[in-house]
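The values are calculated or read from the model by the stated rules, or taken from the named source; none is laboratory data. All values reported here derive from a predicted model rather than from experimental measurement. Positions of Cβ are generated from backbone atoms using ideal geometry, with glycine treated the same way; all protein chains shown enter the neighbour counts.
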Amino acid sequence: MIKTNRPEWEGFSMHPTAESLSARAIHETFVDVGGLEKFWVQWYLNRFVSRGYGKVKFVVGKPGAGKTHWLKHFSQTAGFNHYLALGIDARKDRLSSIDEVYRAVASQLLWRDLIEGAALQVIHQQLGYPEFTGRGWDFLKWAESERRLEPSLARRDIREAVDGWLHGLDLDSHFMLVVRGWLNQLLSGDSGEPIDHLAWLNGGKIGAATRRSMGLIGNISQRNARAILASTAIFIHAVGYGGLVIAIDNIEVLTANARVENIPYYTRGKREQAYEMMRQLIDEGPRMPFVFLVLAGDSARLGEAKRGFPSYPALWARIQNEVVTTRVNRFSDWIDLDRLWDQDHEQLALLASLWEKGPADLALISTTPNMGDEVGLESGVTRRVVASSLTKMIRNQSESEEYNL
């Protein structure tokens, strides 16, 4: 920890975590090592995924290699490219099965906004009123006053248009029923939020009587969650997004051999269940349209023979590169950030220069717990470079102030 004459620098951490940075600071201090982000945008977001395919990628590295920073910036970039991007922290959400992953995703979605977007698609595409620019619940009044439509006939046309639009999408039948009910309610002039529909979409448990009234057989479970997740991504694309980007960080918690308070713990059975889920997601990528899933974690822990990915051969075999080369293959499903940094000295120098200029959001960064100024080789090269750059920046400015005095 550096001691200076500047009170705002007291307790300043020499290696701030990505979690302590604002979105602006993430953007300003990001370096696209190996051109990986640009490559993924060009080949996956703009081509593969946007054309209706799914993909699973892994980003690994030592602690401090920049995995969280990379995920956060990639999510920002995905948003700029008209994707709906969500972040999940495996240290906070249990993710041993696909229904748990679905609930972690669904809880972050603004379902009301998505339904409103779908309503406009129905009005513009199916009903043929592209000039309507209001809210979905105002459409019926608008149709009566501006187009002189009879209310009963307008409601019939709305129901048929909703059915026509939804049947044009490859959606799970249960998902379609819930969305259709909400859309019909909205376009009939009811701006309220149907509690049961929202609860079901979020993966909640609703009673049998309520489900029967909605035409549903069951709740979202491990059995049907993958189909519901795929339908969600298809629906998101139909509303106007490029697709759904899901960034899951800290997946090395799956390998923990001891319980830690407030962090999910996985028994061997639950860990293997999670690995099997990942294996299925990789294999069924073509049946997960418009989904780009990125999982990040500690390379050493995920590579452990006893608890890591190699302990589940069915998964490990799918993420190994068939051809081993000295250069990192950016098409690979397993990207090691430490190897990328070792091969891109120009970007490493750029990273150092960005932090030597002075960190963004200094007040926020200074609240991070101090971990000491020295960073060993057990940490990723980016953490060591940032620590060195910040130490140099603070000492240079402190010496300049003393000289001016």
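Any residue at all in the range 346-363 that is of a type in the set (D, E, K, R), modelled with pLDDT of 75 or more, farther than 30 Å from Gly269 by Cα and surrounded by 14 or more Cβ atoms within 10 Å (Cβ to Cβ)? Looking for residues that are of a type in the set (D, E, K, R), modelled with pLDDT of 75 or more, farther than 30 Å from Gly269 by Cα and surrounded by 14 or more Cβ atoms within 10 Å (Cβ to Cβ), one finds at least one in the range 346-363, hence yes. Pairs meeting the criteria (first residue in the range 145-163 and loosely packed, with under 15 Cβ neighbours inside 10 Å, second residue among the aromatic types (Phe, Trp, Tyr) and outside any helix (DSSP H, G or I), beta carbons under 8 Å, at least 6 apart or on different chains) are Arg147/Tyr129.
If I ask for residues that are surrounded by 16 or more Cβ atoms within 10 Å (Cβ to Cβ) and assigned to a helix (DSSP H, G or I), which ones from the range 281-290 would you list?
Matches in the range 281-290: Leu281, Ile282, Gly285.
Among the residues examined, Phe235 qualifies as under 23 Å from Leu84 (Cβ atoms) and either among the basic types (Lys, Arg) or part of a helix (DSSP H, G or I) (or both). Only a single criterion out of (1) closer than 18 Å to Met214 by Cβ; (2) surrounded by 15 or more Cβ atoms within 10 Å (Cβ to Cβ); (3) not acidic (Asp, Glu) is not satisfied by Val122, namely (1).
Just one of Pro151, Pro194 is closer than 18 Å to Glu116 by Cβ, of a type outside the set (D, E, K, R) and modelled with pLDDT under 95; which is it?
Pro194
Reported count of residues in the range 94-136, each being assigned to a loop (DSSP other than H, G, I, E, B) and not hydrophobic (A, V, I, L, M, F, W, C), is 12.
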